[in-house]
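Asks: Have a look at this one before I ask anything.
What follows is calculated from the coordinates using simple rules that are stated; it is not laboratory data. Computed from a predicted model, the values in this text were never measured in an experiment. A quick note on method: Cβ atoms are made from the backbone with ideal geometry, for glycine too, and the neighbour counts reach across all protein chains shown.
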Amino acid sequence: MDVIVTGAAGFLGSHLVDRLLADGDRVVGVDNLVTGSRANLTHLGDARPFSFIEADVSLPWTWAAGLEPPDLIMHFASPASPVDYGREPLATMAVNALGVMHGVELARTSAARLFFASTSETYGDPLEHPQRETYWGNVNPVGVRACYDEAKRYGEAYLTSAVRKLGIDGRIVRIFNTYGPRMQPEDGRVIPSFCLSALRGEPLTVYGDGRQTRSFCYVSDLIDGIVRLAKGEGLRGKIVNVGNPSEFTIAELAQIVAEIAGVRLNVVARDLPPDDPTRRRPDISVARTLLGWEPKIALRDGLVSTLDYFRQLMPVA
């Protein structure tokens, strides 16, 4: 297949590019490098069939004019951490709104399939637990996280409207907390923060009382579910949760990271940020039924690889 991946230099985008190339696809990666990094793609060298275009996909997709018509467009471009979208709220809204609109137009004119990377944040601070795809969410539309939450919700609404109105093949994945190598060290998410603090011998910062929960999916598991949804037949218009249903409190995560890092657990408490979800766990019944997918990597095993990655990034003393 000829595939366009926006956000190709990001954490998830770069792992997706790896998987697509391993599957024998021809890939064009697009990224403006605001939050992505070329370093995430340097291991590809001069790999063919891969090419990279530096561009902002919230602007008109003039760069696509010289490409072979794609079979599949995978829209992953977006700041995805509270630090990044807090710093770039307007750009976050633009890439998830205008980027989807441009993607729909290219999908329409090239008869391509359009795949949108949405998020569990569309559920907000959920009143339903675990969260099913049929749940509409509990989101603050004007809060500090709204630039991300509502932008993703708009992207979903635009794409599903285009599926009904234009007849294109659009699909949506709602991604739950994912971790692994190539995460940004200082992006404010809990696993990079805990890993780096443990490796530096610093206290682990826990927000609130630590009883809020998350469900952590290792990146290779997530990418496998995404590819199954993107390439599977008969899945037009589907919206699917992909994540790990094993639920951990933040306090439990801190203890596990400290144990794997071989340090004594030492935490410092901070106030819980506004609109931070208190519970997060996917219902993956749809993924199991439609995709034959469920995660395989246990949290402890994935954290070993993730800690090794961050250890390699640290300067030698």
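Asks: Using θ = phi - 60° and the Karplus form 6.51 cos²θ - 1.76 cosθ + 1.60, what ³J(HN,Hα) does each residue of region 293-305 get, whole Hz, x for Gly and Pro?
Replies: Once rounded to whole Hz, the list reads 10, 7, x, 10, 8, 5, 4, 4, 5, x, 5, 4, 5.
Asks: Using 0.36 nm per residue, how much length does the chain from Trp63 to Thr278 gain when fully extended, once their Cα-Cα distance is taken away?
Replies: 73.2 nm
Asks: While we're on this one: Quick check: the angle from helix 89-110's long axis to the longest principal axis of the chain, C-alpha only, nearest 10 degrees?
Replies: In the chain, helix 89-110 runs at an angle near 30 degrees to the longest axis.
Asks: Would you pull out the residues with amide H under 5 Å of Trp293's amide H, same chain only if 5 or more places away, H placed 1.01 Å from N?
Replies: So Trp293 has HN proximity to Arg288.
Asks: For the peptides 198-204, 102-108, what is the packing order when you average, over each peptide's residues, the other Cβ atoms within 10 Å and list the highest mean first?
Replies: Ranking, from highest mean packing down: 102-108, 198-204.
Asks: Then there's this: Distance between the C-alpha centers of region 183-240 and region 70-143? Whole Å please.
Replies: Centre-to-centre (Cα) distance: 16 Å.
Asks: Now, a different point. Rounded to the nearest 5, what % of DSSP beta bridges with both residues in the chain are antiparallel? Display every interim value, and only then the final one.
Replies: Working: 2 of 39 bridges.
The answer is about 5 percent antiparallel.
Asks: Further question on the same structure: Between Met1 and Ala22, what is 0.36 nm times their sequence separation minus the Cα-Cα distance? Round to one decimal in nm.
Replies: Extra length available between Met1 and Ala22 comes to 6.4 nm.
Asks: If packing is taken as the average number of other Cβ atoms within 10 Å across a peptide's residues, how do 61-70, 249-258, 111-120 rank, most packed first?
Replies: 111-120, 249-258, 61-70
Asks: Given a 10 angstrom Cα cut-off, can you work out which residue in Glu247, Glu233, Glu88 is the most mobile in a GNM of the chain?
Replies: The residue with the greatest mean-square fluctuation here is Glu233.
Asks: What's the angle, to the nearest 10 degrees (0 to 90), between helix 250-261's Cα axis and the longest principal axis of the chain?
Replies: Tilt of helix 250-261: around 80 degrees.
Asks: Lys296 to Glu202: FRET efficiency via 1/(1 + (r/R0)^6), r the Cβ-Cβ distance, R0 41 Å, to the nearest 0.05?
Replies: The value I calculate is 0.80.
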